[in-house]
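Before any comments, here is the structure.
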Amino acid sequence: MNNIVNSLQKNNLVKEILAWKKRRDAVILAHVYQPGEIQDIADFTGDSLFLSQQAAKTQAKIILFCGVQFMAETASILSPKKIVLLPEINAGCPLADMAPAEKVKSKIKELPEVVVVSYVNSSAAVKSLSDYCCTSANAVQIAQAISAEKDILFLPDMNLANYVAREAKRKIIPWSGFCPTHHLLTKEEVVKMKKLHPQALLLVHPECRPEVCDLADYIGSTRGIINFASNNQVKEFIIGTELGILYPLKKNNPNKIFFSASNNMICPNMKLITLEKVLYSLQNMVFQITVPEEISRKSLIALNRMIEIT
């Protein structure tokens, strides 16, 4: 009986959300680490930059971003004339927080000749201090486009920086940040899962530790992992990234089996948004995310340089 009641409540919530979405002329974006029910109501699902780019192409007046703070900021930078809403104001990113803008400024002063590349998982203020932005999908390409004579300060993720240094064969000065969710995955856990599922391919995100990446059959972004698993003939996969990605993988590949490399790979910030909060956000136009004009302008330069290269 409780399941029936819960299902009816959920259906009513979804109907209200869709009605308010139409009333507000909004587009709903959901990162693939969001809960499945949030992904189901979205107009677009994917990684953060892809979502922001899709939103910029639409005629919608309002962007409701089901993700975390830096993602909503990026959407605001790419769509400055649109209203950007984040349903949960406390949905931050520990990785982005590990590179405060003031500390980055100080480091740049120490290394005046360095080229600064910031991962999109960084604050707008840090993007504005950067020469280039990058994603996990194009970080190697961005590094290779920079003169080999130049040292690269890569922030904020040291694991992604190490991966880029190895693949791009460039001298990288890594920031000492990391994603707590991806850094949590250990070599021992991966070895155990590979023994349990010897026929499965291991797909991991480059935010994972180097010793974990060394064991992978494929290293890629969230979108890269989804595409690789969907297009590969193999039927079993061990997934080394946040658990939310299992929802679209299983939904789009019902004949394949997916195992999480670790059941502890949960980003608590990504799970803060609920259907109730999405509805409240649309009804009350909260929480609006804005980026100061000067920071937005400088950040856009770094983002556009990335887009031009890729």
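Quick notes on this one:
- Sequence of 61, 271, 187 from largest to smallest accessible area, 1.4 Å probe: 61, 187, 271
- Counting only residues at least eight positions apart within a chain, or on another chain, the aspartates and glutamates with an alpha carbon under 19 Å from that of residue 194 are 211, 214, 217, 236, 242.
- The charge dipole of region 206-275, taken about its Cα centre with unit charges on the Cβ of Lys, Arg, Asp and Glu (plus for the first two, minus for the last two), comes to roughly 360 debye.
- Exceedance of the 20 Å cut-off in Cα-Cα distance is limited, within the set 22/277; 57/82; 171/298; 103/127; 61/271; 57/81, to 171/298; 61/271.
- Listed by chain and number, the lysines whose alpha-carbon sits under 18 Å from that of residue 187, ignoring those within fewer than 8 places in the same chain, are 195.
- Just so you know, the Cα atoms of region 63-124 work out to an Rg and Dmax of 13.7, 40 Å.
- Full-stretch length increase - residue 233, residue 15 - with 0.36 nm per residue and alpha-carbon distance subtracted: 74.7 nm
- Between the alpha-carbon centres of region 171-228 and region 231-310 there is a gap of 17 Å.
- Within the same chain, aspartates and glutamates fewer than 8 places from residue 109 are excluded, and of the rest, none has a Cα less than 12 Å from its Cα.
- Based on DSSP H segments of at least four residues, each scored -39500 (n - 2.57), the chain has a per-residue ellipticity at 222 nm of -13500 deg cm²/dmol.
- Given +1 at the Cβ of Lys and Arg, -1 at the Cβ of Asp and Glu and no other charges, the dipole of region 162-240 around its Cα centre is 200 debye to the nearest 20.
- Cα-derived Rg to Rh of region 105-161, Kirkwood definition: 0.93
- Region 22-149 - percent relative contact order, Cα under 8 Å, separation 6 or more: 18
- When the convex hull of its Cα atoms is viewed from all sides, region 170-258 shows a mean projected area of 6.3 nm².
- Couplings 3J(HN,Hα) for region 180-191, derived from phi with the Karplus relation 6.51 cos²θ - 1.76 cosθ + 1.60 (θ = phi - 60°), are x, 5, 6, 5, 5, 6, 9, 4, 4, 5, 5, 4 Hz, where x marks Gly and Pro.
- FRET efficiency, 1/(1 + (r/R0)^6) with R0 22 Å, evaluated for residue 264 and residue 37 via beta carbons: 0.50
- Comparing region 101-215 with the 2.2 N^0.38 Å rule of thumb, its C-alpha radius of gyration ratio is 1.16 (two decimals).
- For region 1-117, the mean projected area of the C-alpha convex hull, equal to one quarter of the hull surface, is 9.2 nm².
- About its Cα centre, the dipole of region 154-310 is roughly 280 debye, where the only charges are +1 on Lys and Arg Cβ and -1 on Asp and Glu Cβ.
- List 278, 286, ordered by accessible area with a 1.4 Å probe, largest first: 286, 278
- The mean of 1/r over all distinct Cα pairs in the chain, once inverted, gives the Kirkwood hydrodynamic radius of 20.1 Å.
- GNM result for the chain, Cα springs below 10 Å: residue of 112, 87, 206 fluctuating most strongly: 112
The values are calculated or read from the model by the stated rules, or taken from the named source; none is laboratory data. Just so it is clear, the model here is predicted, and its values are computed rather than measured. For neighbour counting, all protein chains shown are included, and Cβ atoms are generated from backbone atoms with ideal geometry for every residue, glycine included. These accessible areas exclude ligands, DNA and RNA; they are computed on the full protein's heavy atoms, side chains included. Shrake-Rupley method; radii C 1.70, N 1.55, O 1.52, S 1.80 Å.
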